[in-house]
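Note sheet for the following structure.
The values are calculated or read from the model by the stated rules, or taken from the named source; none is laboratory data. What you see is a predicted model, and the numbers here were worked out from it, not measured in a lab. Note: ideal-geometry Cβ built from the backbone for every residue, glycine included; neighbour counts use all protein chains shown.
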Ligand code: ADP
Ligand code: ASP
Ligand code: MG
């Protein structure tokens, strides 16, 4: 019997009507004879709403308690989907990440999957049931409930597919991975196929259609990811091992970044403070004698107290944490191609601005700029490089 793991994201289960349509789609697949394991995200904006609730109680909520709070979102959708399937006459059972055997590190809010022990999932699939697993969550060896970082349900799906030797289908509100976010760049086109490396770079640069850790997991386990639209047709993007050929894979936008600019002498102290706050930092090209770090804020729940501490304790610290983001061009050979850097800088110049910082990596060139300029910059860069 062929086995498949299907993941449905927040927008696919936003409300009872959509949840019932997902149930009907899953039921159809089960009736066609496949063993079906479904991973669900929290309904709609539930995770954001729960985070806002916590922030009303504390500006810097303890990460352990945030994980206890946020995992409730996925628990609601897993139970409702199981109820909906049983209502359709399909046998189903829901499991939390812990029950499904998703074993993670202890790092609350950014845990990594160490191992999957899907004993109960396998047993119930063998009984013919559809198994629904709450995405984005796991349990540490110390029996603490953890979350995998924003967008982490994708990682749950890939990890389960690897453990069950199943296919992996990730359903969202877009028909695959495009050359830019189609909501921002109307002319973006779907890529039929991307290599793991291209997709990882796109995801890290802000293309949230697939989660970066999920793609890394797929690469190391050799699982192909099929990204499709939940309520759309058969179009898809397949992410799998590919031969690197020179091309631009896409343009990505990251809205939540902080730039931390400090005297180079303060490096050890600043890195220690960022790491204690679980804030991931990337070193950028800076002025002589200065150290410039870009901090991705998505999984840093409480940057304001950290920024205040940096300003207080590090003389000469300059921190831009509000209204800063980045536009990245991803592709094989882009860092070595002057026209990519020229397109990024030129697009900003056409808006009367200059990059706050520039960085290039093996598969990417990034400019940092004010958030209000990012969408126009992405559209202009896409027009110049992709059309
Ligand atoms: P889900 O809730 O199903 O996990 P997400 O909201 O996480 O879905 O991801 C889907 C969204 O990703 C789309 O609505 C789209 O706006 C955004 N997106 C960003 N970059 C891209 C891209 N390159 N291709 C497709 N979608 C993208
Ligand atoms: N619900 C979580 C989030 O909003 C996980 C996910 O959607 O994948 O980040
Ligand atoms: Mg997502």
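For the stretch 1-22, the candidate set comprises residues that are within 23 Å of residue 123 (Cα to Cα), more than 16 Å from ligand 2 (Cβ to nearest atom) and modelled with pLDDT of 95 or more; within that set, the residue that is surrounded by the most Cβ atoms within 10 Å (Cβ to Cβ) is 4.
Annotation note: Cβ proximity below 6 Å between a residue of the stretch 5-20 that is assigned to a loop (DSSP other than H, G, I, E, B) and a residue that is more than 9 Å from ligand 1 (Cβ to nearest atom) (sequence gap 6+ or interchain) occurs for 14/43.
Let's see how each residue does on (1) crowded, with 20+ Cβ neighbours inside 10 Å; (2) under 22 Å from residue 210 (Cβ atoms); (3) within 16 Å of ligand 2 (Cβ to nearest atom); (4) at pLDDT 95 or above:
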| site | (1), (2), (3), (4) |
| --- | --- |
| 24 | no, no, no, yes |
| 47 | yes, yes, yes, yes |
| 72 | no, no, yes, yes |
| 87 | no, no, no, yes |
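Going through (1) over 18 Å from residue 189 (Cβ atoms); (2) within 14 Å of ligand 1 (Cβ to nearest atom); (3) not in a loop (DSSP other than H, G, I, E, B) one by one, residue 228 falls short only on (1).
Summed over the stretch 206-225, the residues that are touching a residue at least 40 places away in the same chain (Cβ under 8 Å), in a loop (DSSP other than H, G, I, E, B) and within 15 Å of ligand 3 (Cβ to nearest atom) give a count of 5.
Give me a count of the residues in the stretch 186-204 that are surrounded by fewer than 24 Cβ atoms within 10 Å (Cβ to Cβ), in contact with a strand residue (DSSP E or B) (Cβ under 7 Å, 6 or more places away or on another chain) and not in a strand (DSSP E or B). Lay out the reasoning, then the answer.
We begin by selecting, within the stretch 186-204, every residue surrounded by fewer than 24 Cβ atoms within 10 Å (Cβ to Cβ); these are 186-193, 195-197, 200, 204.
Now restrict to residues that are in contact with a strand residue (DSSP E or B) (Cβ under 7 Å, 6 or more places away or on another chain): 188-193, 196.
Checking the rest, the ones that are also not in a strand (DSSP E or B) come to 188-189, 191-192, 196.
Residues in the stretch 186-204 being surrounded by fewer than 24 Cβ atoms within 10 Å (Cβ to Cβ), in contact with a strand residue (DSSP E or B) (Cβ under 7 Å, 6 or more places away or on another chain) and not in a strand (DSSP E or B): 5 in total.
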